[in-house]
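Read through the structure below, which is laid out as structure tokens, and then see the notes.
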Amino acid sequence: MLNLTYFKMQPLFLRIILISVFISVFRLTAQETVTYTKKDGILSFPVTTTFVDSKGVVWIGTGDGLNAFTGSKWYSLKQIENKVTNVKQPLKDIVRIYEDRKRNLWFVTGYGVFLYDGTYWVNYISNEEENDYKADVIFEDRRGWIWITQEYRKEFNEISALGYTLLSGSVKMFDGYEWYRFDDEVAESVASKFNVSPTYVTKIIQDRMGNMWFATLEGLYMFDGGQWFPFKDETFEVNKVFDVLEDRSGNIWAATEAGVSKYYDGQWINFDKKDGLSGNSVYQLLQDKSGRIWAFSRNDIKFTGLSMHDKMGWKYFDPRSVKIKGKIEKLFSDNDDVIVFSDDGISRYDKQGWHRFDKKDGLDGNDFSLIYRDDNKELWTASETSLIRYDEGNWKTEYSSDSKWKVTGILVDDSGAVWVGTNKSGLFYRDGNEWKHFTSEQTLTDNHVERIFEDRRMNIWVVTKKGITKFSNLSPQ
């Protein structure tokens, strides 16, 4: 404790320093950590998904069931009894948790989709005919209707079909009263090369008119609330659709295996290499803050270039002009500029053209393990040895590791503190200017951090391969 007699004898500037040190020490001692493992009720590891609902309940999905933490105790659930058949059905292999606008909780599992309304559990999708189908996407439209896609995937390893996967899908909708299945309208089967697309339904959006758009490997489909409109074959000139986007003017854009198509005034306008695209197989679309449309092209899984559409039409940028060789992972808008991340480096597009960031811009290395955008829209990335933040055109190193690391998670919490998880080096934490390091020797159950999240009480949860650590009583800066 601070000796008051000694404190009063010191000059004013030294008193201020002593107070700052005392507050810093108090923060660290006031911070509490609690670790949870199987002994505390967690069903199994690794954790497959996490979610914090509107009531503040922390949900942990695992391969063996579901855990819920209400603030003082863990509850576990491994099966649900079907009220119609009285048969207990497994609640395991949890892959996704979603809360709808009515505050119902949806649990997507490897054995079906379950709903919890706060009182009762209902198993909505589970029967023998669908055992080979796995629920993949859950989407709530503005009407409050719940859409679920299910995927079937079979890989062929025979020499005659080496490198191909058979994909098919199923689309269902729940309007709050009953389920509707749209297999005849949307779901078909298609053979696809490995790694080209892992799913049959590749994208779902709802446009400003309320229409639902489904991009699939067998075409593009639109549902207006009562009727389906397929765009494929003669009407669309292509089947495989990898992405769909609505621009700010309400036009629909589709990325396809033959280029890019724009739905304007009831008709499709098709663009390909002769119109300025970098390649015919376009797998992703993005509109930046200036309204430009960006298209990512590839040949099989190899990145071949970027294309940008503005008032002048399409403009093509090959990997050499973008100044990065590897596959582009993400693209971000930064005012009028665009920042492109790849597994080979980071480049920026501005009024002067493309610029690759290097050491003079504050960027350390070319190998980046993670890209993160916080709630303040600031960009963060991690190299082999550093944590780096983008700051008005330059990169600022926020932390340098003593040895190589691979960052698995970055979180800037509500108080502004920075949390960094790694695959072998544990957890790093910064509050103000001070960094702390947590490992399995003192706090964590394992040095491999799989995910970091914040609950509604400002507790920080760190999930590792062998346990979960909760950091509480965090003092704001």
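The values are calculated or read from the model by the stated rules, or taken from the named source; none is laboratory data. Source: prediction; values computed, not measured. Here the Cβ is made from the backbone with ideal geometry for all residues, glycine too, and neighbour counts use every protein chain on show.
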(request) Write out, first by first residue and then by second, each pair whose Cβ atoms fall under 9 Å of each other, whose residues are 6+ apart or on separate chains, and whose first residue, in the range 54-68, is in contact (Cβ under 8 Å) with a residue 12 or more places away in the chain and surrounded by fewer than 18 Cβ atoms within 10 Å (Cβ to Cβ) while the second is in a strand (DSSP E or B) and of a type in the set (D, E, K, R). (result) Ser54/Glu99
(request) Report yes if Ser278 is modelled with pLDDT under 85 and of a type outside the set (A, V, I, L, M, F, W, C), otherwise no. (result) yes
(request) Quick one: in the range 449-477, of everything that is hydroxyl-bearing (Ser, Thr, Tyr) and modelled with pLDDT of 95 or more, which residue is surrounded by the fewest Cβ atoms within 10 Å (Cβ to Cβ)? (result) Thr469
(message) If I ask for residues that are surrounded by fewer than 14 Cβ atoms within 10 Å (Cβ to Cβ) and either among the basic types (Lys, Arg) or part of a loop (DSSP other than H, G, I, E, B) (or both), which ones from the range 344-387 would you list?
(response) Lys351, Gln352, Lys359, Lys360, Asp375, Asn376, Lys377, Glu378
(message) If a residue counts only when it is under 23 Å from the mean Cα position of the chain (by Cα), which strands (runs of 3 or more DSSP E) contained entirely in the range 197-277 have at least 1 such residues?
(response) 201-206, 212-216, 241-246, 252-256
(request) Name every residue in the range 309-344 that is touching a residue at least 40 places away in the same chain (Cβ under 8 Å) and among the aliphatic types (A, V, I, L, M), in order of residue number. (result) Leu331, Val338, Ile339
(message) For the list (1) of a type outside the set (Phe, Trp, Tyr); (2) modelled with pLDDT of 90 or more; (3) over 30 Å from Lys470 (Cβ atoms); (4) part of a strand (DSSP E or B), I need the number of the one condition that Leu331 fails.
(response) (2)
(message) farther than 14 Å from Val108 by Cα, touching a Leu at 6+ places or on another chain (Cβ under 6 Å) and not aliphatic (A, V, I, L, M): is that true of Ser76 in this structure?
(response) yes
(request) Please determine, by comparing only the residues of the range 407-444 that are more than 25 Å from the chain's Cα centre (by Cα) and of a type in the set (D, E, K, R), which one is nearest to Arg456 (Cα to Cα). (result) Asp431
